[in-house]
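Participant: Take this structure, written in structure tokens, and hold onto it; I'll ask about it next.
The values are calculated or read from the model by the stated rules, or taken from the named source; none is laboratory data. None of these values were measured; they are calculated from a predicted model. Because the Cβ atoms are built from the backbone with ideal geometry, glycine has one as well, and the counts that use them run over all protein chains shown.
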Amino acid sequence: MLDLFQASKPLRGLCLRTAFQRRELACTVVVGGFFGSEGKGKVVAYLALRDKPSIVARGGVGPNAGHTIVHSGHEYRLRQIPSGFTSKDSRLLIGAGVLVDPDVFFREIEITETQGRLGVDNQCAIVEPRHVEREREDAHLMQVVKSSGTGVGPCMEDRVKRIAKLAKDHSELVPYLTDVAEEIHTALDAGRPILVEGTQGTFLSLYHGTYPHCTVKDVTASSICGDVGIGPTKVDDVIVVFKSIVTRSSPAGPLPGELSERDVPEKGWQETTTVTRKPRRIAPFDLEMAKRAVRLNGATQVVVTKLDGLYPSCSGLRSYEKLPSNARQFLDSLEAEVKVPVTLIGTGPDELDMIDRTLC
């Protein structure tokens with residue numbers, strides 16, 4: 001791991017308003033920069049509250065990815081519904097590239113109270129009980145790949161074979177069916193802002209990740225856009241989310257610099273997964289991975305979450321000026337290396353535990 005604390009000239013000053021002029025953004029895409037679990041859900045929830053987008057659309061794989069949001073004192077662990085449900089007036093859409101498990105979908109409608117705001121693309125493939133059974137009976141998926149057992153692998157296999165059931169064929173989903181791409185482009189043509197939420201992380205990509213220990217498709221920004229029907233010229237900003245440490249939910253696959261089970265508690269970095277509730281594997285921040293993720297996603301902004309995990313004195317802070325000097329040096333060095341501004345900094349579990357350097 002490179003030393004992030006080496007002396008380097010920060011890319012930006014304390015406030016980004018002058019150097020990074022805020023504008024009315026039409027389309028913003030949020031993706032993970034490591035192996036997932038970077039805090040994308042928290043970031044999307046915050047951006048939805050801040051910007052009140054017309055639409056929040058979810059791309060990515062499906063119910064194998066969980067996003068945790070702490071909103072109004074309540075914790076939500078979502079696997080299907082966009083984390084931007086926090087914006088009460090935003091339309092919530094699930095793109096055609098996303099696999100949908102109806103049981104998970106309807107359960108999340110109840111806990112988020114989002115009935116009437118949700119739309120599912122007609123061409124979403126449906127995860128059926130047979131897919132879950134097939135995955136859990138597959139020794140290679142469960143013992144080698146260490147799959148989450150949510151059925152997305154077999155469902156995607158059926159989709160590739162053109163035998164998967166689609167949302168338009170599922171009677172209970174009929175009230176929610178829509179053309180997600182058409183809705184998004186209608187909003188864009190009217191100048192209304194769109195927020196797109198990715199799932200998993202850059203290095204779980206089928207193409208750019210740690211194959212075979214990866215997910216079932218590409219999950220970089222380009223593919224997330226494809227999932228919801230947006231072409232590259234329609235995107236204004238790509239936000240890549242990093243956590244102050246690197247975590248990996250799967251017990252399989254490489255994790256450079258991985259800490260031993262003994263060292264993790266000593267640092268206070270213990271975490272559990274959103275979907276399986278198992279301990280996450282932990283490693284220190286990896287600058288080389290961060291630089292590659294910025295390139296692969298075409299990032300225009302970077303977010304760093306859980307800074308309070310690396311620097312406990314940062315907990316709950318919402319002002320950059322109040323950060324301790326070592327935390328500011330970490331952020332400045334990161335900016336200088338990846339050559340993209342760090343615009344948001346997470347300092348706690350609540351979606352509002354955020355330092356927003358574009359608001360000065």
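Participant: Limited to segment 239-258, what total is found for residues that are within 19 Å of V304 (Cβ to Cβ), surrounded by fewer than 19 Cβ atoms within 10 Å (Cβ to Cβ) and touching a helix residue (DSSP H, G or I) at 6+ places or on another chain (Cβ under 8 Å)?
Facilitator: 1
Participant: Okay, moving on. Working carefully through the options G41, G66, G60, G32, find the one that is surrounded by fewer than 24 Cβ atoms within 10 Å (Cβ to Cβ), within 11 Å of the chain's Cα centre (by Cα) and touching a residue at least 12 places away in the same chain (Cβ under 8 Å).
Facilitator: Matching residue, one of G41, G66, G60, G32: G66.
Participant: Okay, moving on. Pairs, please: C-beta under 6 Å, at least 6 apart or cross-chain, first residue at pLDDT below 95 and in segment 173-199, second surrounded by 23 or more Cβ atoms within 10 Å (Cβ to Cβ)?
Facilitator: Going by the 6 Å Cβ cut-off, the qualifying pairs are T199/G60; T199/V61; T199/A65.
Participant: Answer yes or no: is there a residue in segment 81-100 that is under 16 Å from the mean Cα position of the chain (by Cα), surrounded by 21 or more Cβ atoms within 10 Å (Cβ to Cβ) and of a type in the set (F, W, Y).
Facilitator: Among the residues of segment 81-100, at least one is under 16 Å from the mean Cα position of the chain (by Cα), surrounded by 21 or more Cβ atoms within 10 Å (Cβ to Cβ) and of a type in the set (F, W, Y), which makes the answer yes.
Participant: Report, by residue number, each residue of segment 150-168 that is in a helix (DSSP H, G or I) and under 26 Å from the mean Cα position of the chain (by Cα).
Facilitator: Selection gives V152, G153, P154, C155, M156, E157, D158, R159, V160, A167.
Participant: Return the residues of segment 107-131 that are assigned to a helix (DSSP H, G or I), surrounded by fewer than 19 Cβ atoms within 10 Å (Cβ to Cβ) and over 21 Å from the mean Cα position of the chain (by Cα); say none if nothing qualifies.
Facilitator: Within segment 107-131, E110, P129, R130 qualify.
Participant: For a quick check of your reading of the model, give me the residue pairs whose first member lies in segment 249-273 and is free of Cβ contacts under 8 Å to residues at least 40 places away in the same chain and of a type in the set (K, R), whose second is surrounded by 13 or more Cβ atoms within 10 Å (Cβ to Cβ) and not in a loop (DSSP other than H, G, I, E, B), with beta-carbon atoms closer than 8 Å and at least 6 apart or on different chains.
Facilitator: Taking only residues 6 or more apart or on different chains, the pairs are K267/I282.
Participant: Does R357 fit the bill of being over 17 Å from T247 (Cα atoms), basic (K, R) and crowded, with 16+ Cβ neighbours inside 10 Å?
Facilitator: Working: over 17 Å from T247 (Cα atoms): yes; basic (K, R): yes; crowded, with 16+ Cβ neighbours inside 10 Å: yes.
Against the criterion (over 17 Å from T247 (Cα atoms), basic (K, R) and crowded, with 16+ Cβ neighbours inside 10 Å), R357 qualifies.
Participant: Here is a further query. Any residue in segment 330-341 that is in contact with an Asp or Glu (Cβ under 8 Å, 6 or more places away or on another chain) and not polar (S, T, N, Q)?
Facilitator: yes
Participant: In segment 2-21, is there at least one residue being of a type in the set (A, V, I, L, M, F, W, C), in a strand (DSSP E or B) and either modelled with pLDDT under 90 or under 30 Å from D121 (Cβ atoms) (or both)?
Facilitator: Checked segment 2-21: no residue is of a type in the set (A, V, I, L, M, F, W, C), in a strand (DSSP E or B) and either modelled with pLDDT under 90 or under 30 Å from D121 (Cβ atoms) (or both).
Participant: Suppose we filter T272, T305, T347 for residues that are of a type in the set (S, T, Y) and under 16 Å from the mean Cα position of the chain (by Cα); which single one remains?
Facilitator: That would be T305, the only listed residue that is of a type in the set (S, T, Y) and under 16 Å from the mean Cα position of the chain (by Cα).
Participant: The conditions are (1) among the hydroxyl-bearing types (S, T, Y); (2) within 16 Å of the chain's Cα centre (by Cα); (3) farther than 23 Å from T68 by Cβ, and T247 fails exactly one of them. Which is it?
Facilitator: Every listed condition holds for T247 apart from (3).
Participant: If you don't mind, there's one more thing I want to ask. When S72 is evaluated against the numbered criteria (1) at pLDDT below 95; (2) in contact with a strand residue (DSSP E or B) (Cβ under 6 Å, 6 or more places away or on another chain), which criterion, by number, is the only one it fails?
Facilitator: Only one criterion in (1) at pLDDT below 95; (2) in contact with a strand residue (DSSP E or B) (Cβ under 6 Å, 6 or more places away or on another chain) is unmet by S72, namely (2).
Participant: Scan segment 223-238 for residues that are in contact with a helix residue (DSSP H, G or I) (Cβ under 9 Å, 6 or more places away or on another chain) and either assigned to a loop (DSSP other than H, G, I, E, B) or free of Cβ contacts under 8 Å to residues at least 24 places away in the same chain (or both) and jot them down.
Facilitator: G229, I230, G231, P232, V235, listed by residue number.
Participant: Can I ask one more? Answer with yes or no whether P232 is over 16 Å from the mean Cα position of the chain (by Cα) and within 20 Å of I345 (Cα to Cα).
Facilitator: Details: over 16 Å from the mean Cα position of the chain (by Cα): yes; within 20 Å of I345 (Cα to Cα): no.
Judged against the criteria, P232 is not a match.
Participant: Here is a further query. Starting from residues that are basic (K, R) and not in a loop (DSSP other than H, G, I, E, B), keep the ones in segment 37-79 and report whichever is farthest from V240 (Cα to Cα).
Facilitator: R77
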